[in-house]
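**Q** What follows is a structure written as structure tokens; I'll ask about it next.
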Amino acid sequence: MKMQDYESKDGKKVWLSRSEVDTLLDVADGTEQRVAFALGARCGLRVAEVVEVTPDDVVDTEVGKFLRVWEGKGSKYRETPIPTDLAATIAAVGDYRDESSDTPVVDRTTRTVRNWVTKAGDQLVEETEDVGWSFLGPHDLRRTWGTLLVGAEVEPGLVMEWGGWEDWETFREHYLGAYSLEAQARGMEKINWL
């Protein structure tokens, strides 16, 4: 886990590792919470977008499964990759429940989702004795997603497109954390002439 102070408010920005994302998903209280956490940490959705996702929004494309985000920030449309297991869970929820397939999978308020993330973080402080979890908020899941993709050598412009970021400076300043040691090692391998 990496943390950084906010410039103009109390608290810290948090970036989770892949294993810490798995740890968070493991403490989710049921499928609805697990889906909410995964939509943030594995699809890069904002909390307001999480509560709008329906089974109809998951589509197959030539390159894999994608999630259609109809009303992103500024009412902008985008598509972002969705892991196969998460897409299957969303489809199963849609098949199991009585609601229509255009009803949100996480049919809760944004405040409820924020509270879920806070409570999960508090639970993980108790379980791991790592106080860093106490700073975790839902936007940190989106921040984590962007940084993990760049760390996995996904082209930053593509990450920005999938995440709905238009400005490199905003993306770099507010979302990307310090590069992982693995990413730095890969970078060093490319410049052995230094």
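**Q** Starting from the stretch 11-23, take each residue that is crowded, with 17+ Cβ neighbours inside 10 Å and list its partners that are outside any helix (DSSP H, G or I) and at pLDDT 95 or above, counting only C-beta distances under 6 angstrom and pairs at least six apart or across chains.
**A** Filtered contacts from the stretch 11-23: VAL14/LEU136.
**Q** Give the stretch 137-179 a look and list any residue that's surrounded by fewer than 18 Cβ atoms within 10 Å (Cβ to Cβ) and within 16 Å of GLY72 (Cα to Cα), or say none.
**A** Matches in the stretch 137-179: HIS139, GLU161, GLU166, ASP167.
**Q** Same structure again: Just to be sure I understand, how many residues within the stretch 32-89 are part of a strand (DSSP E or B) and aliphatic (A, V, I, L, M)?
**A** Taking the stretch 32-89 and keeping what is part of a strand (DSSP E or B), we get 58-61, 64-69, 78-81.
Now narrow it down to the ones that are aliphatic (A, V, I, L, M): 58-59, 67, 69.
Total meeting the criteria: 4.
**Q** Consider GLY132 carefully, then state whether it is crowded, with 21+ Cβ neighbours inside 10 Å and either part of a strand (DSSP E or B) or not hydrophobic (A, V, I, L, M, F, W, C) (or both). First the steps, then the outcome.
**A** Working: crowded, with 21+ Cβ neighbours inside 10 Å: no; either part of a strand (DSSP E or B) or not hydrophobic (A, V, I, L, M, F, W, C) (or both): yes.
The answer is no for GLY132.
**Q** Additional query: List the number of the failed condition for VAL125; all other conditions in (1) out of contact with any Ser or Thr (no Cβ under 8 Å at 6 or more places or on another chain); (2) hydrophobic (A, V, I, L, M, F, W, C); (3) not in a loop (DSSP other than H, G, I, E, B) hold.
**A** It is condition (1) that VAL125 fails.
**Q** Please specify each residue of the stretch 148-194 satisfying the condition of being of a type in the set (Ser, Thr, Tyr) and either in contact with a helix residue (DSSP H, G or I) (Cβ under 9 Å, 6 or more places away or on another chain) or outside any helix (DSSP H, G or I) (or both).
**A** Looking only at the stretch 148-194, we keep the residues that are of a type in the set (Ser, Thr, Tyr), and these are 170, 175, 179-180.
Within the stretch 148-194, TYR175, TYR179, SER180 qualify.
**Q** Would you confirm, using the coordinates I've provided, whether THR84 is in contact (Cβ under 8 Å) with a residue 40 or more places away in the chain, touching a strand residue (DSSP E or B) at 6+ places or on another chain (Cβ under 7 Å) and of a type in the set (S, T, N, Q)? Even if it seems obvious, please write down each step before you answer.
**A** Values: in contact (Cβ under 8 Å) with a residue 40 or more places away in the chain: no; touching a strand residue (DSSP E or B) at 6+ places or on another chain (Cβ under 7 Å): yes; of a type in the set (S, T, N, Q): yes.
Taking the combined requirement at face value, the residue does not satisfy it.
**Q** Filter the stretch 84-110 down to the residues that are under 13 Å from THR31 (Cβ atoms), among the charged types (D, E, K, R) and loosely packed, with under 15 Cβ neighbours inside 10 Å and list them by number. Talk me through it step by step, then tell me what you get.
**A** Start the filter on the stretch 84-110 by keeping residues that are under 13 Å from THR31 (Cβ atoms), which leaves 85-86, 88-97, 105-108.
If we keep only those that are among the charged types (D, E, K, R) too, we end up with 85, 95, 97, 107-108.
Hits for the stretch 84-110 are ASP85, ASP95, ARG97, ASP107.
The values are calculated or read from the model by the stated rules, or taken from the named source; none is laboratory data. Note that the coordinates shown come from a computational prediction; the quantities given were computed from them, not determined experimentally. Please note: Cβ atoms are built from the backbone with ideal geometry, for glycine as well, and neighbour counts cover all protein chains shown.
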